[in-house]
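Bear in mind that the values in this text are calculations on the coordinates, not laboratory data. Keep in mind that this is a model prediction, so the values were computed, not measured. Here the Cβ is made from the backbone with ideal geometry for all residues, glycine too, and neighbour counts use every protein chain on show.
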Amino acid sequence: MVLEPQKGKKIRCNSSKQIHKIVWGLIRGMQQFDQAKEHFFVIGLNRAYCMTYLDWVSMGTLFGTVAEPREVFRNAIHFGASSIILAHNHPSGSLEPSKIDITMTKDMVNAGKLLRIEVIDHIIVSHEGYYSFSDEGTLGEEKSSTTL
């Protein structure tokens, strides 16, 4: 499902805190049954970092969800986004990225480089707050095995 901002309304996405507020607000608005599942979102941005669309890419289970590069970048190409932000929730409340989260983020950053669509952040949200790969300096980077 793709959501677009209202005509004439500009939503500037310039902080991980703001993205957390948007994504967590969407999840909190879902039925409680669906709040207990992982969801994966992509926010497309123009060159001024204004949202061009928000794509609800997938809904998984309590334990994970799937996001393939073709689904992640499909609407970025369609809407002409110059960059994207990835976001998903952890129903457990944990903000620590899993090994799968880290690998997937690195893969998406590399896919974005090939397409010349920059992945500027990947944000994990939960009722505990959020984790921003960009803020933590781990966007597309492997974390040391001692921290996993």
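Loop only per DSSP, at most 12 neighbouring Cβ atoms within 10 Å: give me the trypsin sites (Lys or Arg not before Pro) in the stretch 51-119, ordered by residue number. Write down the numbers at each step before the final one.
Numbers: sites: R70, R74, K99, K106, K113, R116; in loops: R116.
Here the trypsin sites (Lys or Arg not before Pro) that fit, given the DSSP loop and packing criteria, are R116.
For a quick check: with amide H placed at 1.01 Å from N, whose amide H comes under 5 Å from T52's, ignoring anything fewer than 5 positions away on the same chain?
Placed amide hydrogens put G44, L45, N46 under 5 Å from T52.
Rounded to the nearest 500, what is the chain's calculated 222 nm mean residue ellipticity when only DSSP H runs of at least 4 contribute -39500 (n - 2.57) each, over all residues? Can you show the working numbers first?
Numbers: 4 runs with 45 residues, N = 148.
Helix contribution divided over all residues of the chain: -9500 deg cm²/dmol.
My understanding is that a pair violates if its Cα-Cα distance is over 24 Å; which of K17/K106; K17/K37; K10/K37 do that in this structure?
Details: K17/K106 22 Å; K17/K37 22 Å; K10/K37 30 Å.
Violating the 24 Å Cα-Cα cut-off are K10/K37.
Suppose we flag GluC sites (Glu not before Pro) only when DSSP calls them loop and at most 16 other Cβ atoms lie within 10 Å. Which is the longest uninterrupted stretch of the chain? All intermediate terms of the calculation are to be shown ahead of the outcome.
Numbers: sites that count: E128, E136, E141, E142.
With a cap of 16 other Cβ atoms within 10 Å, the longest stretch comes to 1-127.
Dividing the alpha-carbon radius of gyration of the chain by 2.2 N^0.38 Å (N being the number of residues), what value is obtained?
On the way: Rg = 14.3 Å, N = 148, 2.2 N^0.38 = 14.7 Å.
It is 0.97.
Please list 3J(HN,Hα) in residue order for the stretch 54-66, calculated via the Karplus relation 6.51 cos²θ - 1.76 cosθ + 1.60 where θ = phi - 60°; whole Hz, with x for glycine and proline.
Values, residue by residue: 10, 10, 8, 6, 7, 10, x, 10, 4, 9, x, 8, 10 Hz.
Among I19, N75, G29, whose Cα sits farthest toward the positive end of the charge dipole of the stretch 15-106 (+1 at Cβ of Lys/Arg, -1 at Cβ of Asp/Glu, about the Cα centre)?
It is I19, whose Cα lies furthest towards the positive end.
Under unit Cβ charges (Lys, Arg +1; Asp, Glu -1), what dipole magnitude, rounded to 20 debye, does the stretch 1-139 have relative to its Cα centre?
Working: 15 positive and 14 negative charges, 121 e Å.
Using Cβ point charges on Lys, Arg, Asp and Glu, the stretch 1-139 gives about 580 debye.
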